[in-house]
1. Tell me which residues, restricted to segment 225-243, are part of a loop (DSSP other than H, G, I, E, B) and either small (Gly, Ala, Ser) or more than 15 Å from the ligand (Cβ to nearest atom) (or both).
2. Could you please let me know if GLY139 is closer than 25 Å to ALA20 by Cβ, within 16 Å of the ligand (Cβ to nearest atom) and modelled with pLDDT of 95 or more?
3. Looking at LEU276, LEU280, LEU248, can you tell me which residue is touching a residue at least 12 places away in the same chain (Cβ under 8 Å) and surrounded by fewer than 19 Cβ atoms within 10 Å (Cβ to Cβ)?
4. Would you point out which residue out of ALA175, ALA123, ALA163 is aliphatic (A, V, I, L, M), modelled with pLDDT of 95 or more, within 29 Å of PRO54 (Cα to Cα) and part of a helix (DSSP H, G or I)?
5. Is there any pair with a first residue in segment 124-150 that is over 30 Å from LEU242 (Cβ atoms) and among the β-branched types (Val, Ile, Thr) and a second that is modelled with pLDDT of 95 or more and part of a strand (DSSP E or B) whose Cβ atoms are under 7 Å apart and which are 6 or more apart or on different chains, and what are they?
6. Could you list, in sequence order, the residues of segment 179-206 that are within 13 Å of the ligand (Cβ to nearest atom) and under 21 Å from GLU131 (Cα atoms)?
7. Kindly list the number of the only condition in (1) surrounded by fewer than 21 Cβ atoms within 10 Å (Cβ to Cβ); (2) among the aliphatic types (A, V, I, L, M); (3) touching a residue at least 40 places away in the same chain (Cβ under 8 Å); (4) assigned to a loop (DSSP other than H, G, I, E, B) that fails for VAL257.
8. Could you list all residues from segment 208-224 that are assigned to a loop (DSSP other than H, G, I, E, B), near the ligand (Cβ under 9 Å from one of its atoms) and in contact with a helix residue (DSSP H, G or I) (Cβ under 9 Å, 6 or more places away or on another chain)?
Amino acid sequence: MLITLKEALEYGESTTSGIAAVNTPTLEMLTAAIAVAEKHEVPLILQHAEVHEPVNTIENIGPAMLELAKRSSAPLVVHVDHGESVDYVRRGFEIGFNSAMIDGSRLPFEENLRVTKETVELAQNYGAGVEGELGVMPGREDGKDSDGGVGDESLYTDPELAAQFVAETGVTALACSFGTVHGLYKATPKLKYDLITTLRERTGVPIVMHGGSGLSNEEYRECIARGVQKINYYTYADKAALEAAKQLLVDEPDTYVYSPLTVPARKAVEENLDALVRVLYTRAN
Ligand code: 13P
């Protein structure tokens, strides 16, 4: 069933859980993510990022995300991740996505404010939630290596600006930079827990973690305790799929078509997400 971003975040807050927000550019990832949410009877956010367009366009994978979400027994949000323009977000809303992130984080502050406000206004026509971003998160959302930026505190979100940003835009949640990076970690992340606490207090909205792959169980739990309610996660699940597919080619070198690779790939994503959900949610089955 479909639920709103706000409802998912409220579940996170009331149960001290982090809602897994999983990028599902392929059918394997999509069906695996839904299966895990159903198994544990927890809300989950299905996402499509603009950077995944070469894998599947939002017009192709989006209707599948929406239809499977509506049919599912699990409470699910269908969310545009890292919309780089208001037009891209609109494409998602037209398909039926009920939540979106507008990523103006690399724009000057005033420009970020402007596009985010515009997105919030647009979202009202669709009854959708909006996530904004302030502060720069190193690395790419398509899982490519995160070169540099780890521990660079000049990139972290400024709490004063964050409070102003949320007050002026009216976003439902705010993606902040506090030490995580997108993609594979080349260096150990340095998480600033006190900054999360301050950001949560000053902004009054749930904080979103991007670059959710690759943290320890303790790091996830501490971030959630401090006010992170949405945890964006992609690289390690898709990496598990690749490793499983490669293993199949080693075990069965005579494989001569592509489709059989998707079977262990899907299973690997399911196992990876299952482990994640057990850590993030206090009421996972
Ligand atoms: P990872 O790929 O590092 O898990 O980050 C995902 C993400 O932040 C998507 O927005």
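The values are calculated or read from the model by the stated rules, or taken from the named source; none is laboratory data. Not measured: the values here are computed from a predicted model. Because the Cβ atoms are built from the backbone with ideal geometry, glycine has one as well, and the counts that use them run over all protein chains shown.
1. Filtering segment 225-243 down to residues part of a loop (DSSP other than H, G, I, E, B) leaves 227, 234.
Answer for segment 225-243, where residues must be part of a loop (DSSP other than H, G, I, E, B) and either small (Gly, Ala, Ser) or more than 15 Å from the ligand (Cβ to nearest atom) (or both): just GLY227.
2. Details: closer than 25 Å to ALA20 by Cβ: yes; within 16 Å of the ligand (Cβ to nearest atom): yes; modelled with pLDDT of 95 or more: no.
Against the criterion (closer than 25 Å to ALA20 by Cβ, within 16 Å of the ligand (Cβ to nearest atom) and modelled with pLDDT of 95 or more), GLY139 does not qualify.
3. Numbers: LEU276 fails: surrounded by fewer than 19 Cβ atoms within 10 Å (Cβ to Cβ); LEU280 fails: surrounded by fewer than 19 Cβ atoms within 10 Å (Cβ to Cβ).
Exactly one residue qualifies, and that residue is LEU248.
4. Details: ALA175 fails: part of a helix (DSSP H, G or I); ALA163 fails: within 29 Å of PRO54 (Cα to Cα).
On inspection, the qualifying residue turns out to be ALA123.
5. Filtered contacts from segment 124-150: VAL130/ALA100; VAL130/ILE102.
6. First, the residues of segment 179-206 that are within 13 Å of the ligand (Cβ to nearest atom): 179-186, 189.
GLY179, THR180, VAL181, HIS182, GLY183 - these are the residues of segment 179-206 that are within 13 Å of the ligand (Cβ to nearest atom) and under 21 Å from GLU131 (Cα atoms).
7. Failed condition: (3).
8. The first filter runs over segment 208-224 and keeps only residues assigned to a loop (DSSP other than H, G, I, E, B), leaving 210-216.
When the remaining residues are screened for being near the ligand (Cβ under 9 Å from one of its atoms), the result is 210-214.
Of everything in segment 208-224, those that are assigned to a loop (DSSP other than H, G, I, E, B), near the ligand (Cβ under 9 Å from one of its atoms) and in contact with a helix residue (DSSP H, G or I) (Cβ under 9 Å, 6 or more places away or on another chain) turn out to be GLY211, GLY212, SER213, GLY214.
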